[in-house]
Every structure is written in C-alpha cells, then in structure tokens.
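Colleague: Could you have a look at this structure, given as structure tokens, before my questions?
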Amino acid sequence: MKRLKIWLMLLAVLLLAGCRGKETPLEEGEALYQVYYLNAAMNRLAPWEYRIREEDTDLLIQELMNRFMKVPADLDSQVALSEKVAYEGYKQEDMVLYLYFDSNYTSMQSYREILCRTALVRTLTQIPGIDYISIYSGDQPLMDMNGMPVGILSASDFVDSISDVNAYEWAELTLYFTDGAGEKLFAEKRNVVHNINTSVEKVILEELIEGPEQPGLEPTLDSSTRLLNVSVNENVCYLNLDGGFLNNPLEVKDYIPIYSIVNSLSELSSVNRVQISINGAQNVRFRDSIELNVMFERNLDYIGENGTMADTRPLEEEEE
C-alpha cells in the first residue's frame with residue numbers, strides 16, 4: 001500500500017509538472033490553489049486552478065468557500081454541494097476546520113456526498129495551517145452509512161484513492177418494492193452512480209434497504225438490515241445478511257422481502273439464482289415460513305399489474 005501511495009504521489013507530481021510548464025508564472029505574492037468541482041456528468045472531480053494573493057487564513061477560507069459554492073461561467077462543471085444544502089459557516093480550532101451545513105447535507109445521494117466530502121477536504125486543506133476538516137450536518141457531526149461518525153478528514157485520507165474517487169460509473173437498476181397492501185411487487189427504475197470497485201449486486205441491496213423513491217411505493221426491507229457480504233459465482237448470487245433481515249417488522253406478506261431481493265438481482269444478466277444466508281448460516285427460516293436453504297429464482301407471480309420487467313426471460317421454478 002505504501003509503494004502504491006508513493007507511485008500515485010509521483011504520478012500526480014509528474015502530471016502537475018507537465019501542466020505547469022504551459023502556465024503563466026505566478027506573480028510575486030500569488031499562491032495557486034485547486035478548487036474542486038464535479039464534471040458535467042457529476043461522477044468525477046474536476047479541479048480548477050485559482051490564483052489568490054490573500055494570506056490571512058480567515059479570508060482564505062471565505063474566499064475558497066465562495067469559489068467552491070459557485071462554478072465559473074466558462075467552466076463546464078457542477079458545484080459538488082447540492083443546491084438544496086445551505087452552508088452555515090465555519091469554525092477553526094488549531095489545525096481543524098469545522099464546516100457547518102444544514103440538515104439537508106445528509107439528504108444528498110451517497111455517491112455525491114462522498115465526492116463533495118473529498119472536494120471540500122482537497123480544496124481547503126491547501127490553506128496553510130489547516131490540516132483537517134470536520135463536517136457537520138445540522139448540529140450533528142457527519143455519520144457514515146453504518147451510523148458511525150466520519151470524524152476529522154485529511155487530504156492524506158484520499159491519497160491512495162485518488163483514482164478510486166474518480167472511478168464512478170452510472171448503472172440503471174430495476175428495483176422491486178411493494179405498495180400499501182404489501183402483497184405485490186412493483187418496479188422502480190433508478191439511475192445510480194457507484195464506484196467501479198463496488199459490485200452492482202451490493203449497490204442493489206443498499207438501494208433496496210434505503211427504500212423506494214417513487215410515490216405510492218413502500219419499503220420491503222427494514223432499514224436496520226445490514227449486508228455482510230455478496231458474491232456471484234456461475235450466475236448464483238450469494239448474499240450474507242445480518243439478523244436484522246429476520247426481524248423485518250414491515251406489514252408485508254412473507255414472500256415480499258425475499259422476492260424483492262431475488263427479482264431485483266435477477267434483472268442483472270449475471271444473476272439467475274440467489275442464495276440467502278443469515279450471519280453465514282443457511283439453515284434458517286424467514287418468519288418461520290420460508291426456508292432459506294434453497295436457491296431462489298425470479299418469480300413473476302409476485303409482480304403487480306403495473307410492474308415492469310427489464311427483460312422477458314421465462315419464469316423458472318424454485319429449486320427445492
């Protein structure tokens with residue numbers, strides 16, 4: 001890992017040196033900063049060079065945040081922070097800069113929040129004397145997807161993932177949720193951006209746990225459910241969930257959570273069957289009615305009249 005980090009740093013230096021050869025030399029008293037935006041597709045960081053003469057730390061923070069919040073007119077980029085999020089100010093204590101946003105910060109889609117977080121850190125830790133960033137949403141410190149505090153962040157946290165943070169791609173998913181009756185599944189098309197190092201199967205489970213966005217649809221999995229592991233081998237998707245899956249309190253038919261997962265995953269050409277384990281164990285019953293030690297296959301019988309399918313593969317019987 002250390003060798004990889006050194007190579008990435010050397011590559012960054014070489015690329016920067018190559019670019020600087022064509023730049024206008026800095027004037028006396030000027031300093032060069034990189035302000036980070038998102039590209040037009042909003043799936044990649046887009047740095048923009050900004051020259052400034054200011055040396056006062058407070059004025060530097062204010063100036064860079066002003067630039068961060070507004071893209072130059074001639075730049076084909078997007079602000080990393082969602083327009084629905086309000087920036088409420090900052091506080092500096094020693095080497096830590098605390099940034100305060102309203103509670104809408106945590107409503108940003110996960111991929112955008114990660115890119116925004118990275119853009120903030122890489123923009124503001126360039127200021128002399130600021131080595132760490134701490135982000136607050138409302139009155140609370142920023143939490144990760146597992147409900148744990150993100151804590152203070154430094155530019156070095158992103159050094160060995162310089163390529164990773166920009167390695168995002170779009171995926172169109174067909175996810176199956178239920179309605180108020182909880183007896184049928186209905187499709188919701190959703191475009192998501194995910195890191196190429198994260199499997200689409202994992203993204204599907206995370207989106208199902210997050211719940212529906214389409215009005216009229218209801219969740220099928222309890223938000224406390226945790227995905228422990230997912231893998232695909234010979235068109236079989238192996239899922240390992242925690243015990244929260246068994247404790248599903250939602251008022252839906254027993255088969256709805258199971259086939260919400262199975263039918264959503266089966267939309268992928270790489271998945272024909274699904275094996276569900278709970279904390280690594282397969283000899284488990286869901287709600288005391290459905291044995292999990294079988295290979296589940298997509299079942300069209302549970303699709304509602306308004307449901308849609310991404311393809312028309314024939315119905316396959318469950319393997320007993």
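What follows draws every value from the coordinates through simple rules; no lab data is involved. Quick caveat: nothing in here was measured; it's all calculated off a predicted structure. For neighbour counting, all protein chains shown are included, and Cβ atoms are generated from backbone atoms with ideal geometry for every residue, glycine included.
Colleague: Determine the sum of side-chain charges near Leu60: Lys and Arg each +1, Asp and Glu each -1, restricted to other residues whose C-beta is under 11 angstrom from that of Leu60.
Modeller: -3
Colleague: How far apart, in nanometres, would the label points at Asp74 and Asp56 be if each is projected 7 angstrom from Cα along the Cα-to-Cβ direction?
Modeller: 3.0 nm
Colleague: Any idea how far the Cα center of the stretch 82-146 sits from the one of the stretch 186-257, in Å?
Modeller: Cα centroid to Cα centroid, the span is 28 Å.
Colleague: Hey, with R₀ at 22 Å, roughly what FRET efficiency would Arg287 and Lys189 work out to, going by the Cβ-Cβ distance, to 0.05?
Modeller: The computed FRET efficiency comes out at 0.15.
Colleague: Next question. With 10 angstrom as the radius, rank Trp48, Trp170 by how many other C-beta atoms surround their C-beta, starting from the fewest.
Modeller: By the 10 Å Cβ count, ascending, the order reads Trp170, Trp48.
Colleague: Within 10 Å, count the other beta carbons around each residue, average over each peptide in 213-222, 198-207, and list them highest first.
Modeller: My ranking of the peptides, most packed first, is 198-207, 213-222.
Colleague: If I model a spin label as a point 7 Å beyond the Cα along the Cα-Cβ vector, how far apart are those points for Asp102 and Ala181 in nm?
Modeller: In this crude spin-label approximation the distance works out to 4.0 nm.
Colleague: Could you list, in their original order, any pairs among Lys84/Lys189; Lys70/Lys91; Lys84/Lys184; Lys189/Lys253 whose Cα atoms are separated by more than 27 Å?
Modeller: On the way: Lys84/Lys189 23 Å; Lys70/Lys91 21 Å; Lys84/Lys184 34 Å; Lys189/Lys253 23 Å.
Among Lys84/Lys189; Lys70/Lys91; Lys84/Lys184; Lys189/Lys253, the Cα-Cα distance tops 27 Å for Lys84/Lys184.
Colleague: Report the extension gain between Ile196 and Asp222 in nm, rounded to one decimal, defined as 0.36 nm multiplied by the number of residues separating them, less their alpha carbon distance.
Modeller: Extra length from Ile196 to Asp222 when fully extended: 6.7 nm.
Colleague: Between Val150 and Lys253, what is the FRET efficiency for a Förster distance of 51 Å, r being their Cβ-Cβ separation, to the nearest 0.05?
Modeller: Once rounded, the FRET efficiency stands at 0.85.
Colleague: Ignoring solvent entirely, what values of log10 I(q)/I(0) come out of the Debye formula for the stretch 29-165 at 0.14, 0.15 Å⁻¹ when each Cα is a single scatterer?
Modeller: Ignoring solvent entirely, the Cα scatterers give -0.61, -0.70.
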